[in-house]
Amino acid sequence: MTKPAFTIRPDIKRALENNAPVLALESTILAHGMPFPDNYKFAKQSEKLSSDQGVVAATIAVIDGEIKIGLSESELEFICKNNNVVKTSLRELGWVQSKKLTGATTVSSTIFLAQKAKINVFATGGIGGVHQGADQSFDISQDLTALSSVPVVVVSAGAKAILDLPKTLEALETLSVLVVGYKTDTFPSFYSRGSDLGLSILVDTPEEVAALYKHHRATGLTSALLVANPIPKEDEIPKDKIELYLKRALKLAYKNKITGKNLTPFLLKIISQESGGACLKANISLALNNVLLGAKIALGLISNK
Ligand code: PSU
Ligand code: MN
């Protein structure tokens, strides 16, 4: 198996060698999903939340063309502060390396790299998916195809509310991604706990996820196990409010001809502004909640060996 060249931070390398639990985290959510300094605070909180569970967090990014599994303090700060960090999904990895650029990895590139480094659990806010109006724009995130070809556990609060959730859920099925609801029987819609999209598989504990993942892997399938974890109740935003913010954001995106990889960051930013910051707070809360569950699943995988 060819492996892209990457550097693993020494403590993460040690943890992997000793079969200790490691949780992979992405960096696009930092560089393109939240403003500074909220993103930096969130990144530090995520790593602490994980290490408090006894799990080493490995934030992944490309620094000056070098793929890093685990960042130093200053690298993390740079990713959060700098406006020229390239949003790097799977297809752009080689290009970012060849140009020695600094790139923030999306769900697609992060899970790909995590798996090459033998990290099996990953947490984010919400995965990318099929965009609204995709029948015209063809805008479907590389996250989906990555989820079909990388057999890791992905913890997310469903898919981002800016997407066409019914189509995203159908696409996940087409791609053989195993979607399970964590203590829920509907697909969470990011800022809100539920949706009218039913899920037929429900799990109640991190240990149950770990045990299920073992069987999923043993089938030889290449697809991911997507754990859909609803936002904590106290930070949830009602759907009708989100729809209002989203309508305005989509209108602005259309007016300003925002398309392609700029669309998701643009929509998240406008929604956050429209909500007076409530959506940013919700995004941080759901993402931290996913980090905590991801860490517990990573622990479950170790004790289930
Ligand atoms: N989750 C969040 N905020 C984000 C993302 C996820 O709470 O900004 C990022 C992830 O990196 C995901 C990307 O892979 O958004 C999807 O972008 P696109 O729709 O362009 O594929
Ligand atoms: Mn896209």
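The table that follows gives values for the structure above.
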quantity	calculated
Contour minus Cα-Cα distance for Ile201 and Leu221 (0.36 nm per residue)	5.4 nm
Whole-number D in µm²/s for the range 80-213 (Stokes-Einstein; Kirkwood sum over Cα pairs; 20 °C, 1.002 mPa s)	135 µm²/s
Approximate spin-label separation Ala211-Thr174, in nm, with each point projected 7 Å along Cα-to-Cβ	3.5 nm
Probe 1.4 Å, accessible area per residue of the chain, Å²	45 Å²
Residues Ser72 and Ile302, FRET efficiency given R0 of 25 Å [Cβ-Cβ distance, rounded to 0.05]	0.45
Bridge type composition, the chain - antiparallel percent by DSSP, nearest 5	30 percent
Over the range 171-219: Kirkwood hydrodynamic radius from C-alpha pairwise inverse distances, Å	11.8 Å
DSSP H segments from the chain that extend 20 Å or more along their own axis, Cα-based, with Kyte-Doolittle mean of 0.5 or above	278-303
Value of Rg/Rh across the range 1-86 [Cα atoms, Kirkwood radius]	0.97
Among Val96, Val155, Val291: highest mean-square fluctuation, GNM of the chain, C-alpha pairs under 10 Å	Val96
Förster radius 30 Å - calculated FRET efficiency between Lys233 and Ser51 (Cβ-Cβ, nearest 0.05)	0.70
Inter-site label distance for Lys257 and Lys81 at 7 Å from Cα along Cβ, in nm	3.5 nm
Pair Thr186, Lys100: separation of 7 Å Cα→Cβ label points (nm)	5.3 nm
Rounded to whole Å, sorted largest first: equivalent-ellipsoid semi-axes of the chain, Cα gyration tensor	26, 23, 18
The range 137-240: antiparallel DSSP beta bridges as a percent of all, rounded to 5	25 percent
Additional length obtainable on full extension of the chain from Arg91 to Lys118, 0.36 nm per residue less Cα span	7.7 nm
Sulfur and carbon atoms: percent of accessible area, the chain [1.4 Å]	53 percent
Heavy-atom SASA rank of Glu75, Glu274, Glu207 (probe 1.4 Å, accessible area, largest first)	Glu207, Glu274, Glu75
Cα-Cα over 20 Å, subset of Lys13/Lys81; Lys44/Lys68; Lys3/Lys100; Lys118/Lys261	Lys13/Lys81; Lys118/Lys261
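The values are calculated or read from the model by the stated rules, or taken from the named source; none is laboratory data. Owing to the predicted nature of the structure, the values given are computational and were not obtained by experimental measurement. Heads up, the Cβs are rebuilt from the backbone with ideal geometry, glycines too, and the neighbour counts pull from every protein chain shown. With ligands, DNA and RNA removed, areas are computed over all heavy atoms of the protein, side chains included. Shrake-Rupley method; radii C 1.70, N 1.55, O 1.52, S 1.80 Å.
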